[in-house]
Amino acid sequence: MDQTAIKNTIFMRTLRRESCERPPIWLLRQAGRYMPEYRAIRQKVSFLELCRNSQLSAEVTVMAVDQLGVDAGIIFADILLPLDAMGVGLRFAAGDGPVIDRPVRASADVDGLPTFEPAEKIDYVLEAIRQFKKSRPECPLIGFAGAPFTLASYLIEGGSSRNFDKTKLFMHKESAAFHKLMAYLARLTVAYLSAQKSVGADCLMLFDSWVGSLSREDYEEYVLPHSQAIFEGIKGLAPAIHFGTNTGGIIDLMASAGGDVIGLDWRVGLADTWARTPSLQNKCVQGNLDPCLLFAEPELIAKRAKLLIDSVGGKPGYIFNLGHGILPGTPVEHVKGLVQFVKSYRPAKGAGAVTPESVGKI
Ligand code: CP3
């Protein structure tokens, strides 16, 4: 593996907050159902079979990188795979999303969770990383895991949720057991991410997709220490991205929990949030177009991408992305067009930049 070539890519240089000619771009869920080739593979294998098949997972990762021309790949897998390894009965039911057959609902359920080595039980993801790196050694690869709160929400709710009522009740009523569950998930995640780095991941990403459902008090008390433990545990291994959605109210706390990059969604102004949040000052920022914008006319997509890039004003450490994953049904040509636009557009230095002084005037 040519580490010098990887280090000199625009993605890795931006992660070091070096000044670059343009922002690097990759897209959340860049491999998925919006791609006809992906759907063709899914005609033959289920989603979990695809994840467990290292060769196919590596191929799907390469497919997205090659087709779109993005500056980084993200290994094709899912944040819920460690739950499968826990033996709680993970299924992906057609139309219903993920289901956990044996959810965690009591303190005894937490005590019953098994201890295991992710490198052994989830070895297929590690093998997919090796295979991707073998076929595209020059392309930076993002390894990832779910953050304790987001994983705990699936374990406790038994699937996806709108209000996270069961999770929050467990958190408030069974605080000791909830903390124990979060600490268990944090330890597992450190081991899992470290293993991904050891087989070739260049960057590690922590998905706390649903943490924006929490109050500041609950984030500080029940989540922050555990997410912090993960970033402490992987410190120095590789640059880390910390991502969540709907996090406008807690973004300063999330940034202080850790990560070299903070992912933002479209509900906040990216440059504005970056400029006004003290704990974001020494960090990179990633985001944040609304994935629904990709259904619109290419002219509007380019216009909004330009506005976003201009608002950053060439500040080092900005990574172009969506605020959340590409949705099924998104026209592939629109996604390709967005990548081409971001790779070819050169903003005038400082053009349209949001600075601490201009915050509030826009
Ligand atoms: O290209 C990539 O971004 C890499 C692959 C990736 C997937 N899931 C593939 C996937 C990544 C990084 C994830 C992370 C993930 N998984 C998150 C965090 C990011 C986010 O979206 O907030 C979450 C919450 C999950 C859990 C999950 N996986 C749900 C709720 C669902 C069902 C909803 C849906 O979109 O279908 C999945 C399934 C899933 N994960 C699919 C893909 C491509 C669709 C499965 C299919 O082919 O039917």
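Per-structure values
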{"quantity": "Rh by Kirkwood over Cα pairs, then Stokes-Einstein D for the stretch 74-230 at 0.890 mPa s and 25 °C, µm²/s", "calculated": "152"}
{"quantity": "For the stretch 3-257, share of DSSP beta bridges that run antiparallel, in % to the nearest 5", "calculated": "30"}
{"quantity": "Rule-of-thumb Rg ratio for the stretch 183-229 [Cα; 2.2 N^0.38 Å; N residues]", "calculated": "1.32"}
{"quantity": "The chain pair-distance distribution - Cα-Cα, 10 Å bins, rounded %", "calculated": "5, 25, 35, 26, 8, 1"}
{"quantity": "For the chain, calculated [θ]222 nm from helices alone, where every DSSP H run of n ≥ 4 adds -39500 (n - 2.57)", "calculated": "-13000 deg cm²/dmol"}
{"quantity": "Total formal charge among the other residues, if their Cβ is under 12 angstrom from that of residue 244, Lys/Arg +1 and Asp/Glu -1", "calculated": "-1"}
{"quantity": "Neighbour net charge for residue 98 - beta-carbon separation under 13 angstrom, K R +1, D E -1", "calculated": "-4"}
{"quantity": "Extension reserve of the residue 101-residue 303 stretch, reckoned as 0.36 nm per residue once the Cα distance is removed", "calculated": "68.2 nm"}
{"quantity": "Length-normalised contact order for the stretch 3-257 - Cα pairs under 8 Å, 6+ apart - percent", "calculated": "18"}
{"quantity": "Length-normalised contact order for the stretch 226-362 - Cα pairs under 8 Å, 6+ apart - percent", "calculated": "24"}
{"quantity": "Residue-normalised accessible area of the chain, given per residue in Å² at a 1.4 Å probe", "calculated": "41"}
{"quantity": "Two-site label geometry, residue 47 and residue 333: point separation in nm, points 7 Å out along Cα→Cβ", "calculated": "2.9"}
{"quantity": "Lysines whose Cα lies under 24 Å from that of residue 336, excluding same-chain neighbours fewer than 8 positions away", "calculated": "133, 303, 306"}
{"quantity": "Dipole magnitude of the chain, debye to nearest 20 (Cβ charges: Lys/Arg +1, Asp/Glu -1, about Cα centre)", "calculated": "660"}
{"quantity": "Dipole of the stretch 231-362, positive direction: furthest Cα of 269, 312, 324, with charges on the beta-carbon", "calculated": "312"}
{"quantity": "Exposed-site-free run, longest, the chain (rule: GluC sites (Glu not before Pro); DSSP loop; at most 12 other C-beta within 10 Å)", "calculated": "139-356"}
{"quantity": "FRET efficiency, 1/(1 + (r/R0)^6) with R0 25 Å, evaluated for residue 221 and residue 166 via beta carbons", "calculated": "0.85"}
{"quantity": "Share of carbon and sulfur in the accessible heavy-atom surface of the chain [1.4 Å probe, %]", "calculated": "51"}
{"quantity": "Gaussian network model of the chain, Cα within-10 Å springs - most flexible of 183, 93, 31", "calculated": "93"}
{"quantity": "Relative contact order [Cα under 8 Å, 6+ residues apart], the stretch 1-147, whole percent", "calculated": "30"}
{"quantity": "The stretch 82-95 - phi-based ³J(HN,Hα) in whole Hz, Karplus 6.51/-1.76/1.60, Gly and Pro as x", "calculated": "x, 5, 4, 5, 7, x, 8, x, 7, 9, 10, 8, 3, x"}
{"quantity": "Under-5 Å amide H pairs with residue 263, H placed in peptide plane, nonlocal only", "calculated": "242, 243, 244, 286"}
{"quantity": "Contour excess over end-to-end distance, with Cα ends at residue 346 and residue 37 and 0.36 nm allotted per residue", "calculated": "108.0 nm"}
{"quantity": "Nitroxide proxy distance, nm - points 7 Å out along Cα→Cβ at residue 292 and residue 138", "calculated": "4.0"}
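The values are calculated or read from the model by the stated rules, or taken from the named source; none is laboratory data. Just so we're clear, the structure is a prediction, and the values are computed from it rather than from any experiment. Counting neighbours? That spans all protein chains shown, and the Cβs are built from the backbone with ideal geometry, glycine included. Quick note on the areas: whole protein, heavy atoms, side chains included, nothing else; ligands and nucleic acids left out. Shrake-Rupley method; radii C 1.70, N 1.55, O 1.52, S 1.80 Å.
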